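The values are calculated or read from the model by the stated rules, or taken from the named source; none is laboratory data. Everything quoted here is computed from the prediction, not taken from an experiment. Cβ placement follows ideal geometry from the backbone for every residue including glycine, while neighbour counts extend to all protein chains displayed.
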Amino acid sequence: MGLEQYHQKRSFQVTPEPQGKVTKKGPGKGHKYVVQKHDASHLHYDFRLEWAGVLLSWAIPKGPSLDPSVKRLAMQTEDHPIEYASFEGTIPEGQYGAGTVELWDRGTWEPEVPDVDAALRKGDLKFTLHGNRLKGSWVLVRTRGLGGNQNRSAWLLIKHRDEYASTKDVTTDPRSVSSARTLAGISKIAKAKRSQGERAGAAKKTVRAKRAQPAARAKVRGRSIS
Ligand code: MN
C-alpha cells in the first residue's frame, strides 16, 4: 500500500487533484468513506475506503446497487491520498483520468471483521457504511477467473440484506452531496475558472512585458511618489 502509483500517473502542475501523502492517524477515529462519480472515457463510480493512511479504491462501472441480488463489478485501482476524499472538479484533457469528478457520496465506514488486512488479503471484506446515500452492511469480495483470467483486481460489491436494502436505483439522483451540482455544472465552473486563470496569466505577462521596457519603467518610477 502506498501512493507511488498515484503520484506516477499524474502531473500536479496540471491536474487540480491533490498530491497528498500517506497520512497515518491514531486509532479510534472513524475511517472516511467516499464515492466519486467520474465522467472519464467511461462513466464510473470510484468507491474509496480509508485504511492505513490511504484511500483504498475500486472503480465500479455501473455504480453501487442497493439490491442484495445484484453483484456489481469493482476493479481495484491505485490507492489515493486521504485528501482526495474532498476532491470535486475537472481533470484536464490529456491528464490521467481526464474528465469531471463529482462527490456522489461520503461519510464513514467500519469493518465488520476483526482483521481488515487479513480480509483484504483473503479478498472478502465485510463492512458497514454510514453515508448519505449508501448505508448498512456490504461486502467486497474478490472474484477469481473472471472472464478466464487470473486478474486479482476484480472484486464484486454486494449489498447485504438489512433495512437499507432496496430495489430502488440509487444512482438516479445526479447531484453532488457536497455542492449539489451535477457533472455538467461542475465541469462548467471548472472551465470558467480555467479561462479566468488564463486571462489573469495573460494580463500578468503584459504587465511584465511593459516593465521590461526601460522607458516604461522610468515612467512608472517617475510617477510613483506615494
Ligand atoms: Mn476514476
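Picking from residues in region 83-108 that are part of a loop (DSSP other than H, G, I, E, B) and of a type outside the set (S, T, N, Q), the one that is farthest from Gly131 (Cα to Cα) is Gly94. For region 166-202, taking the residues that are of a type in the set (Val, Ile, Thr) and not in a helix (DSSP H, G or I), the one that is surrounded by the fewest Cβ atoms within 10 Å (Cβ to Cβ) is identified as Thr167.
The condition (being at pLDDT 95 or above and of a type in the set (Gly, Ala, Ser)) is satisfied by just one residue among Ala192, Ala200, Ala165: Ala165. Against the test of being in a loop (DSSP other than H, G, I, E, B) and either modelled with pLDDT under 95 or over 21 Å from the mean Cα position of the chain (by Cα) (or both), the options Val141, Val113 yield a single qualifying residue, Val113.
For region 83-104, the tally of residues that are under 11 Å from the mean Cα position of the chain (by Cα), surrounded by fewer than 18 Cβ atoms within 10 Å (Cβ to Cβ) and of a type in the set (Ser, Thr, Tyr) stands at 1.
Of all residues in region 66-82, at least one satisfies being under 15 Å from the mean Cα position of the chain (by Cα) and in a loop (DSSP other than H, G, I, E, B). When Ser86, Ser41 are checked against the criterion of being farther than 17 Å from Leu157 by Cα, modelled with pLDDT under 95 and among the polar types (S, T, N, Q), a single residue qualifies: Ser41.
In a residue-by-residue description of region 96-114, the property of being in contact with a strand residue (DSSP E or B) (Cβ under 8 Å, 6 or more places away or on another chain), away from the ligand (no atom under 15 Å from the Cβ) and aromatic (Phe, Trp, Tyr) applies to at least one position.
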